[in-house]
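Read through the structure below, which is laid out as structure tokens, and then see the notes.
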Amino acid sequence: MTPGDLIIKDPQSDEPYYMNWTAWLADLGPTVVIASSEWLVSGSEGSPVPLTIHDALVLAGDRTTQAFFSGGTNGKKYRVTNRIVTNSVPDATDDRSVWMLVNPK
């Protein structure tokens, strides 16, 4: 996923999505990697079936994050944000967001 993307997700799918932070981390220095990652969803309020995130992790190499997305209400658009914190001193925090539209493919 690239920040600002619109991702079309089938309401029945449960699949992984990835955010590659390599270029941004390279600007901070050759040894800077992701120390922690969290995924946030907004727009689920009032949804009969919320968009859920599970099994989130930082992949080997510590420059790409992954999370599985499931559910969601058909026709509803959610903002999905990946927030990372780096291992640098002082640490750096950044958010990258995409839009996820739940719609049968």
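Here are some notes:
- Whole-Å semi-axes of segment 6-102's equivalent ellipsoid (Cα gyration tensor): 28, 12, 10
- Test item: Cα-centred dipole of the chain, Lys/Arg +1 and Asp/Glu -1 on Cβ, debye: 320
- Label point distance in nm, L40-D5, each placed 7 Å from Cα along Cα→Cβ: 2.1
- Positive-end extreme of charge dipole, the chain - chosen from V49, A60, S37 (charges on Cβ): V49
- Label-point separation, S97 to A56 (7 Å along Cα→Cβ), nm: 1.5
Readers should treat all values here as calculations from the given coordinates under stated rules, not as data from a laboratory. If you're wondering where the values come from, they're calculated on a predicted model, not measured in any experiment. Because the Cβ atoms are built from the backbone with ideal geometry, glycine has one as well, and the counts that use them run over all protein chains shown.
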